[in-house]
Amino acid sequence: MEEETVSGETVSEETVSEAAGIPGEGDGLALEVDWETGRVRGPLAPGLYLVATPIGNLEDITLRALRVLREADRIACEDTRQTGKLLNHFGINTPTVSYHRHNEAGRARELVAELLDGGKIAVVTDAGTPGIADPGAEIVEAAIAAGVAVVPVPGANAAVAALIASGLGMDAGFAFHGFLPAKAGARRSLLEGLLGRMRAASSAGEGAMTQVFYETPHRILEALGDVEAVFGGGQRVAVARELTKLHEEFLRGTVAELRAELAGRGSVRGEMVLMLAGEVDAVAEGSGSVAAAVRRLVTEGVEEKEALKRVARERGMGKSEAYREWQRGKRK
Ligand code: SAM
């Protein structure tokens, strides 16, 4: 029986019909069928496997992910306890080793040495696709440099799941930015730069790319405040919360609407993805300034000083910085 290697896995020439009964049954090996060729895949070949895991719903694990996790020599995990729960659930006993931001470089060297010895190593993170706003890139680079096979095992990813159900256009593609900066100043600059580039693309007649960010629940209001300040309250956005989980939710509308909705909830919980529509034609520059936001609250009956304090808090700004912007805005 002839054998070849496809995408890091040994593939035999045996076909489904040739394989007796259910592929892999009785021989102790979890064999897999390539549905295009009908050929049976043999045991896992040596290499580095980047395995996506669910972002909430355990049913989103793939059959291939389970097989790779089961057959690997070791699983390098962002958090061995977190992955332990997943492995337990699926009855997988493969040994784990920690691989995270703080030991990434050292561990990558160690794992590459194992790979060069013919090891089969799976890399997983706490949830989703390794290397996407998560550890993974260093070991991939090291493995490629060492001439070791690097094999993606695709699956759940929060950005893509959020995007496809956001209702925001994708004809012109999308841009993924990972997390927005935690500091207000850096976040504002990033958004301002982005708006500049989106405007330039629009005037050049290029399509409008949807912009995708990861965000944390404790910063979402500040982030929306900054989007409003920079892009204007009419900017179309979407927030995807708790994807694939019991309380999955999509909020769609203008940034002003979503900010009011979330601010009204008292506390915002859960993991979330923030998306900005690519069209910048409707962008009303300056409508989201501190002064405009204060004015809006005042018309709603909030006392001016309190309004300024609230706007500063929502945008993660210091009191004096907010005061200066407010004064500047009032002069316009
Ligand atoms: N590697 C992961 C992936 O492929 O999506 C992302 C890891 S990153 C450290 C975690 C961030 O992803 C969260 O803060 C949130 O922005 C987003 N995220 C992860 N799971 C999510 C979920 N179930 N619903 C919404 N956003 C999620």
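Starting from the Cα-Cα distance between Leu246 and Glu206, subtract it from 0.36 nm times their residue separation and give me the gain in nm to one decimal.
Length gained, Leu246 through Glu206: 10.5 nm.
Near Leu243, within a Cβ-to-Cβ distance under 14 Å, what is the net charge of the other residues, with Lys and Arg +1 and Asp and Glu -1?
So the surrounding residues net to -4.
Quick one: which residues, 5 or more positions from Leu50 or on another chain, have an amide H under 5 Å from its amide H? H modelled 1.01 Å from N in the peptide plane, none for Pro or chain starts.
Correct list: Val123, Val151, Val153.
Taking H as built 1.01 Å from N, whose amide H comes closer than 5 Å to the amide H of Gly128, not counting residues under 5 places away?
Hits under the 5 Å cutoff: Thr53, Ile55.
Within the range 136-212, report the trypsin sites (Lys or Arg not before Pro) that DSSP leaves as loop and that have at most 11 other Cβ atoms within 10 Å.
Answer in residue order: Lys183.
In nm, to one decimal, how far is the Arg295 label point from the Arg324 one, both placed 7 Å along Cα→Cβ?
2.2 nm
Do you know the relative contact order of the range 160-276, to the nearest whole percent, from alpha carbon pairs under 8 angstrom that are 6+ apart?
Relative contact order for the range 160-276 comes out at 32 percent.
Please compare each pair in Lys183/Lys305; Lys309/Lys330; Lys183/Lys319 to a cut-off of 20 Å on the Cα-Cα distance and tell me which ones are over it.
Lys183/Lys305
Students often check this: by mean Cβ neighbours within 10 Å, which of 142-152, 88-98 ranks highest, and how do the rest follow?
Packing order, densest peptide first, comes out as 142-152, 88-98.
Which of the lysines could a cross-linker bridge to Lys245, judged by Cα under 24 Å and excluding same-chain residues fewer than eight apart?
Lys85
For Glu304 and Glu261, calculate 0.36 nm times their separation in residues minus their Cα-Cα distance, and state this gained length in nm to one decimal.
Fully extending the segment from Glu304 to Glu261 adds 13.3 nm.
For the range 149-199 and the range 43-111, compute the distance between their C-alpha centroids and round to whole Å.
Rounded to whole Å, the Cα centres lie 26 Å apart.
Taken together, the values in this text are just the output of simple stated rules run on the coordinates, not laboratory data. Please read these numbers as outputs of a predicted model, since none were measured by experiment. Cβ: placed from backbone, ideal geometry, glycine included. Neighbour counts: every protein chain shown.
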